[in-house]
Amino acid sequence: MAETLAQVIDKQEALDAASDVLQPAVTDLFKAGGEAGQSVKNFLHGTWLGHPLHPVLTDIPIGAWTTAIALDAMEAVSGREEFGSAADAAIAVGLVGALGAAATGITDWSDTNGRGRKVGLVHGLLNVGAATLYATSLVMRRGKARRVGVGLSMLGYLVSGASAYLGGHLVFEEKIGVDHTAGQQFPNEYVPVMADAELQENQLTRAKYGDVPILLVRRGGQIHALAETCSHLGGPLAEGELVGDSVRCPWHGSRFSLRDGTVIDGPSTHPQPCLETRIREGQIEVRLRREKLSAWDEIEGM
Ligand code: FES
């Protein structure tokens, strides 16, 4: 069903037109804030968490609004008003959580393309609709139209459920928020990937280990190596920009340290796999960093 729905959404060209206006507006807002704006953007993406922040916050409205439904049912069965008051409080908590989910969601969405961007926009619009229904419900519950308010919150629950369904599609089908280097195999022992003479100083260069692209950079007498596929959405880091001891992805601007692959700027929240390098017999050799190896060894030994 999600695939069919996504295909229908993908055919709506008006969504692209709306995104073409909204996305630059969000991007410009963060840019206008300079370094502070970038820090806020990083925070909202979840680069500090090593995981997207958005799905963490979406649990708040989903959980709170599910609780409200249960409490409304308990009020209807028992006739006790305390359950109704608790349902109102749960709806208010959900609305606060929805603000955080909206801020993180629109930030992540501002760095998407293609079908994911369209589905993401519909996902966001449904969430706005659900939050509006819940806010109206809260006002009516506290006034003289409590029953209508309860009905509106049930409608809001259905809308948020449809939105959550699309949210799942964005992760599992469009691969938004997942690590795009996951599954790539890097050598555990040193293997040659390029002739030493071919690597120029301060040039982002793509080498290969089997089918896996590797980014090589010679800088200040050192050779750095990272996975070349950007962990955000798979952008080619070798076509990006060298910024001091870091590389900026050409697609959405994620920036990674060449020293250890850590994320300096989002939207990526996953570090780049980092490789050790050495020169043997005129060849640059690479292998997965030892710290990474021991982490894998531990997992395999479990
Ligand atoms: S693919 Fe999006 S920042 Fe690299």
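Computed from the coordinates by the stated procedures, all read-outs in this text should not be read as laboratory data. Just so it is clear, the model here is predicted, and its values are computed rather than measured. Backbone-built Cβ (ideal geometry, glycine too); neighbour counts: all protein chains shown.
The residue list Val191, Gly156, Thr112 was ranked by how far each Cα lies along the charge dipole of the chain toward its positive end, using unit charges on Cβ atoms, and Gly156 comes out on top.
Backbone amide hydrogens, once placed in the peptide plane, bring Tyr209 within less than 5 Å of Ile214, excluding anything fewer than 5 places away on its chain.
How long are the three semi-axes of the equivalent ellipsoid of the chain, in whole Å, if each is the root of 5 times an eigenvalue of the C-alpha gyration tensor, listed from largest down?
Details: eigenvalues 438, 79, 54 Å².
Equivalent ellipsoid of the chain: 47, 20, 17 Å, largest first.
In straight-distance terms, cross-link reach from Lys31 covers every one of the lysines whose alpha-carbon lies under 27 Å from its own, apart from those fewer than eight places away in the same chain; here that gives Lys41, Lys118, Lys175.
Just to verify a number: FRET efficiency for Val96 and Glu35, C-beta to C-beta distance, R0 = 25 Å, to 0.05? Walk me through the intermediate numbers first.
On the way: r = 28 Å, r/R0 = 1.14.
According to the calculation, E is roughly 0.30.
Residues whose amide H lies under 5 Å from that of Met194, counting only those 5 or more places away or on a different chain, are Ile284; hydrogens are built 1.01 Å from N in the peptide plane.
From helices alone, the chain scores -18500 deg cm²/dmol at 222 nm; the rule is -39500 (n - 2.57) for each run of n ≥ 4 DSSP H residues, then divide by the residue total.
At Val148 and Asp20, where each label point lies 7 Å from the Cα along Cα→Cβ, what is the point-to-point distance in nanometres? Inter-label distance under the simple model: 4.1 nm.
Between Lys208 and Tyr165, the distance separating the two model label sites (each 7 Å from Cα on the Cα→Cβ line) works out to 4.3 nm. About its Cα centre, the dipole of the chain is roughly 760 debye, where the only charges are +1 on Lys and Arg Cβ and -1 on Asp and Glu Cβ.
Amide hydrogen proximity for Ser254: with H placed 1.01 Å from N in the peptide plane, the residues at 5 or more positions away or on another chain lying under 5 Å are Cys249, Ser268. Lysines within cross-link reach of Lys208: Cα-Cα under 20 Å, excluding same-chain residues under 8 positions apart? Result set, ordered by chain and number: Lys292. Figure legend: label point modelled 7 angstrom from the Cα of Leu49 along Cα→Cβ; residues of region 90-104 with amide N under 20 Å from it are 93-104. Fully extending the segment from Ala195 to Glu291 would add 32.0 nm, taking 0.36 nm per residue of separation and subtracting the current Cα-Cα distance.
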